[in-house]
1. By the scheme Lys and Arg +1, Asp and Glu -1, what is the net charge of all other residues having a beta-carbon under 12 Å from that of Thr185?
2. Around Ser150, what is the net charge, scoring Lys/Arg as +1 and Asp/Glu as -1 over all other residues with Cβ under 15 Å from its Cβ?
3. Normalized C-alpha radius of gyration of the range 13-215, against 2.2 N^0.38 Å?
4. List the lysines whose Cα lies under 25 Å from the Cα of Lys65, skipping any in the same chain that are fewer than 8 positions away.
5. Please find the FRET efficiency linking Ser217 to Thr62, where r is the Cβ-Cβ separation and R0 is fixed at 30 Å, and quote it to the nearest 0.05.
6. Tell me, how many Å apart are the Cα centres for the range 118-154 and for the range 172-218?
7. Nearest 10 degrees, 0 to 90: what angle lies between the long axis of helix 169-188 and the longest principal axis of the chain (Cα atoms)?
8. Label Arg198 and Arg173 with points 7 Å out from Cα along Cα→Cβ: what is the distance between them in nm?
Amino acid sequence: MLHPVAPATHAPRFLLLYGSLRLRAFSRLLVEEAARLLQAMGGEVRIFNPSGLPLPDDAPETHPKVTELREMCPWAEGMVWCSPERHGAMTGIMKAQIDWIPLSIGAIRPTQGKTLAVMQVCGGSQSFNAVNQMRVLGRWMRMITIPNQSSVAKAFQEFDDNDRMKQSSYYDRVVDVMEELVKFTLLTRDVAPYLVDRYSERRESAEDLMRRVSQTSI
Ligand SMILES: Cc1cc2nc3c(=O)[nH]c(=O)nc-3n(C[C@H](O)[C@H](O)[C@H](O)COP(=O)(O)O)c2cc1C
């Protein structure tokens, strides 16, 4: 099971989320830069626009923005989460998106076993509060969060008038992170279902099956 007979040959697929609704949001610009890099490395990308997404549980699951977000998840083999740091934390907008993604929908596991890269933009000096929190969140969503990460200090200085990221060590780090994300995704995507297959869940479903069999009268 660790060596699939027919490894996937399609372009690796990435979903990119950002945590701001500002018109010129640097977290969005950073995600767009990451998307260009992933495409240049042979990946396919989709970016979710969080504008209009209701707060968790403030609308039915059939809300079009919730559906849009949820439909992108099974498609993706890896994700990028990029949040601004606000008051030393990820934004509510970032967290709300993750809170709308269930751990499993029947047999579909939208995030489990998939790769994740975390990035943040700062208004001040470089800090890591948002990426640290997103690492914890990635663990909760049972994702393979890659070791490298990006934190862009004084993000307002790092993008030009065409909304492109200027050359800098921050830009080089984003390239490093995306390169690592592609490698981890190619290494793990074929075995993701096996990696998240758990003894306790197998046991639970076996017990459930036995219970149903014992209740069946012939
Ligand atoms: C209420 C508020 C709190 C903020 N807190 C922090 C912070 O704790 N650390 C930091 O580096 N920047 C902080 N900032 C600055 C934002 O991170 C910065 O403006 C960032 O570019 C916003 O992301 P966006 O451009 O994607 O909208 C704060 C901004 C606001 C409005």
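Bear in mind these aren't lab numbers, they're just calculated from the coordinates by the rules spelled out. Since this is a predicted model, take the numbers as computed values, not measurements. Counting neighbours? That spans all protein chains shown, and the Cβs are built from the backbone with ideal geometry, glycine included.
1. That sum, taken over residues with Cβ under 12 Å, equals -1.
2. My count for the surroundings of Ser150 gives -2.
3. The value comes to 1.09.
4. Lys95, Lys114
5. Computed FRET efficiency for Ser217 and Thr62: 0.20.
6. So the separation of the two Cα centres works out to 24 Å.
7. The angle comes out near 20 degrees.
8. It is 3.2 nm.
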